[in-house]
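Shown next, in structure tokens, is the structure this report addresses.
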Amino acid sequence: MKRILALTAALAIATGAIAQDKPLIAGFDGTAAPHVMAKMGGGVEGFNIDLILEAGKRMGRKIDIFAGEFSGLIPAMNSGKIDFVGAPLPVTPERAQSMLFSEGYLNVYYVFAVPAGKPDLKALEELKGKTISANKGSSYDKWLQDNAAKYGYKSESYGTNADAMQSVITGRADTGLIGNTLGAYAVLRSNGQLKLATLKVDQGLVFSAAFRKDDAKLRNAFEDALECMKLDGTVVTLAEKWFGSKTAGGPAASTVFPGYGVPGTTGYDATPHTPKCK
């Protein structure tokens, strides 16, 4: 009997070890350059790829990458096809109702891309009568839909950020709404065809990694690794590498926030903790 119990215990330990060693699958928007983008020879690269893979190393877990359209990532996570979303993903109150978030690692605001030869946009009232494009399913897309009646514009959704920006270049849209880091890169890659308008929408949002509601353990483990990366300057270094500036990520790139998650949102855990950094 003792031998059977010993064998059962050993099997349980071995099974647990196997489960622990199983790679985590992280989902990314494969078109959100320079956060995530295709690289020569296959695969993807970018700020978020470097960030998530480095966090995996510090967690002691291998990370497998799933790159797809943004609109399919959250359903894939909730169905168990992937373990978490490394997107990039801005945290909104609506999203916080249905998933858990790590603390923010970049500050984010919305910017308007316009054709280089067209007039600047300086006020929201100037959007009246215009057609505005955005990546389908993104927070930018939602903002456009929520505010269309108020400001009198027409919103159009595209499968990728690249397609949304291309619609501005070709004249199908008058302007496109996108995140600050994505917008800067889109302008850089447009060969002088796009510029960023003065007009910005700052809602105090941050980019974060998202997890299933029932997976606080993984969220917390990731956040511990992320906080260590902030403390030793890794996140700021990655921001400089991919965005061209140490300050591009804003204060969130170097600020360790109390508790787990984004303060003030549903799912935030205020329990004090100190990350164990190696």
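Nothing in this text is a laboratory measurement; each read-out follows from the coordinates by a stated rule. Everything numeric in this text was worked out from a predicted model, so none of it was measured. No Cβ is skipped: glycine too gets one built from the backbone with ideal geometry, and neighbour counts run over all protein chains shown.
Tell me the relative contact order for the range 108-203 as a rounded percent, counting alpha carbon contacts under 8 Å between residues six or more apart.
48
Compare the peptides 263-269, 207-213 by average per-residue count of other Cβ atoms within 10 angstrom and give them in order, highest first.
The most tightly packed comes first, giving 207-213, 263-269.
Across the range 95-100, in residue order, what do the Karplus-derived ³J(HN,Hα) couplings come to in whole Hz, using 6.51 cos²θ - 1.76 cosθ + 1.60 with θ = phi - 60° and x for Gly and Pro?
With the stated coefficients, the range 95-100 comes to 5, 5, 6, 10, 7, 9 Hz.
How much of the DSSP bridge set in the chain is antiparallel, in percent, rounded to the nearest 5?
Among the beta bridges of the chain, antiparallel pairing accounts for roughly 55 percent.
Where the centroid of each part is defined by its Cα atoms, how far is the range 53-93 from the range 223-241 in Å?
Cα centres, the range 53-93 to the range 223-241: 18 Å.
Please report the antiparallel percentage of DSSP beta bridges with both residues in the range 108-203, rounded to the nearest 5.
Taking every DSSP beta bridge within the range 108-203, about 55 percent pair in antiparallel fashion.
Test of understanding: what is the full-extension gain from Glu69 to Val201, defined as 0.36 nm times their sequence separation minus their Cα-Cα distance?
Contour length minus Cα-Cα distance gives 45.1 nm.
Work out, in µm²/s and without decimals, the Stokes-Einstein translational diffusion coefficient of the chain at 4 °C, 1.567 mPa s, Rh from Kirkwood over C-alpha pairs.
The Stokes-Einstein estimate is 65 µm²/s.
Cα to Cα, under 20 Å, and not fewer than 8 places away if on the same chain: which aspartates and glutamates meet these conditions relative to Lys81?
Candidates past the 8-residue exclusion: Asp21, Asp29, Asp64, Glu69, Asp214, Asp215.
Pull up the cross-link candidates among the aspartates and glutamates for Lys118, meaning alpha carbon to alpha carbon under 17 Å and not fewer than 8 places away within one chain.
Candidates past the 8-residue exclusion: Glu126, Asp174.
Where a ≥ b ≥ c are the square roots of the eigenvalues of the C-alpha gyration tensor, would you call the range 108-203 rounded, which needs a/c under 1.5, or, failing that, prolate if a/b is larger than b/c, or oblate?
Note, shape of the range 108-203 comes out rounded.
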